[in-house]
Amino acid sequence: MREPDMQKLDALVGRLVGDVGAAMSGALVVLGDQVGIYKAMADGTPMSVQDLAKKTGIKERYLREWLSAQAAADYVAYDEKTDRFSLTPEQAMVFAEENSPAFFVGAFEVVQSMWMDEPKVADAFRTGKGLGWHEHSTCLFRGTERFFRPGYNSHLVNEWIPALGGVEEKLKTGASVADVGCGHGASTILMAQAYPASRFTGFDYHGPSIERAKAAAKDAGVSDRVTFEQGSAAEFPGRGYDMVAMFDCLHDMGDPVGAGRHVKETLGPNGTWLIVEPFAHDHLKDNLNPVGRVYYGASTMICTPASLSQEVGLGLGAQAGEMKLRKVALDAGFTHFRRATETPFNMVFEVRA
Ligand SMILES: C[S@@+](CC[C@H](N)C(=O)[O-])C[C@H]1O[C@@H](n2cnc3c(N)ncnc32)[C@H](O)[C@@H]1O
């Protein structure tokens, strides 16, 4: 064993205590969401363990332990004088309010899938084979929808579409749009709600996601202008689209260049390929930060194996960065590639022939 620097070791171990606590808290977040504790605390009323047990039907002893762990994580507020627990407005936004722009529980469900599917990813590491999106646990599909939807609610209609030259006008007057790799259809349905004169088709190769998206469109009352069909990025049907959108999925594909070539064939004159990808800089050293940590983690366990499971297996990864994404678009035959806008979590590209 090499001689450690004890100060550095102490600092590292100190950080790991925090990280292990965070990992364990993640399981408790998923649990609290599933059994309805956060939602029962959503209005911020300080509650005793007994109050909460009555409201949720959960055994007091379990609740006290869960609440203690959550208070230690600072995910729940605790008042020692009254022995009551509550959610601050900010804690309610991230844990209890499904439609808030900061709702975070979906992210923990994605993490849950990473733990559950770790043995499959370990096999993929050993064999070099891929692991398809469809081979993951269901919590990944649900978690992705719940994790990404708040960002789409906040930015898609208000910022991203207006940042694309001429697209908003077309959508308002009546355009035809394909949302490829649409998953549960959160982005498709949101656009359909915002632009009732336009027609939207969501495609995804994953059948169960398409079934879920169909049900969600029905619930949202937009089935008249949205359809969902199982289809891959290389072969989805239709011609003359005013916009083909890909939200957080191009890097998951094995052959993003082939997908781009197909997009080019399906776009009408002046059509736009909208690519939304995770925010990343072009060089690893610039991505070594908390956001990069999250994305590289998901990329290792989910996105890169997904891409390697498909034909070509380019394996862009979730931190591809603008330079590599631009190359994909140019290799697919497009000549115009512009970063239209960005958030701390996403880059939004406008691509044209
Ligand atoms: C990270 S999820 C994003 C889902 C959705 N766009 C969203 O933002 O919620 C990636 C999606 O890409 C889909 N996908 C991966 N490869 C695909 C391909 N070659 N053709 C079509 N869909 C694909 C997966 O099934 C999955 O639903």
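Couple of notes before you dig in:
- Long-range HN-HN contacts of Phe228 with modeled amide H, under 5 Å: Gly202
- Estimated vicinal HN-Hα couplings, Hz - region 29-44 in sequence order (Karplus 6.51, -1.76, 1.60; Gly, Pro = x): 5, 4, 4, x, 5, 5, 8, x, 6, 4, 5, 5, 9, 4, 7, x
- Both radii are taken from the alpha-carbon atoms of region 213-337; with Rh as the Kirkwood radius, Rg/Rh is 1.00.
- Considering only Thr188, Thr341, Thr45, the mean-square fluctuation computed in a Gaussian network model of the chain, springs between alpha carbons under 10 angstrom, is largest for Thr45.
- Over all pairs of different C-alpha atoms in region 1-79, the reciprocal of the mean inverse distance, the Kirkwood hydrodynamic radius, equals 14.4 Å.
- Candidate cross-link partners of Lys218 among the aspartates and glutamates, defined by an alpha-carbon separation under 15 Å and a same-chain spacing of 8 or more, comprise Glu229.
- Per residue, the convex hull volume that the Cα atoms of the chain enclose (Å³): 162
- Electrostatic dipole magnitude of region 85-192 [Cβ: Lys, Arg +1; Asp, Glu -1; Cα centre; debye, to 20]: 240
- Using Cβ point charges alone (K and R +1, D and E -1), the dipole size of the chain about the Cα centre works out to roughly 340 debye.
- Taking the chain and dividing mean pair separation by its residue count, relative contact order in percent (alpha carbons under 8 Å, at least six apart): 13
- Whether region 172-269 is rounded, prolate or oblate, judged on the alpha carbon gyration tensor where a/c under 1.5 counts as rounded: oblate
- Environment charge of Ala163, counting only residues whose C-beta is closer than 11 Å and scoring Lys/Arg +1, Asp/Glu -1: -2
- When the listed pairs Lys8/Lys129; Lys55/Lys81; Lys129/Lys327 are checked against a 30 Å cut-off, the alpha-carbon distance exceeds it for Lys8/Lys129.
- Part-to-part distance (alpha-carbon centres) for region 293-353 and region 40-92, which is given in Å: 41
- Taking the helices alone, the chain has a mean residue ellipticity at 222 nm of -14500 deg cm²/dmol, built from -39,500 (n - 2.57) per DSSP H run of at least 4 residues and averaged over all its residues.
- Local net charge near Thr144, Cβ-Cβ under 14 Å (Lys/Arg +1, Asp/Glu -1): -2
- Percent of C-alpha pairs per 5 Å bin, region 106-243, short to long: 2, 10, 17, 20, 19, 14, 8, 6, 3, 1, 0
Bear in mind that the values in this text are calculations on the coordinates, not laboratory data. Please read these numbers as outputs of a predicted model, since none were measured by experiment. Glycine gets a Cβ as well: all are built from the backbone with ideal geometry, and neighbour counts include every protein chain shown.
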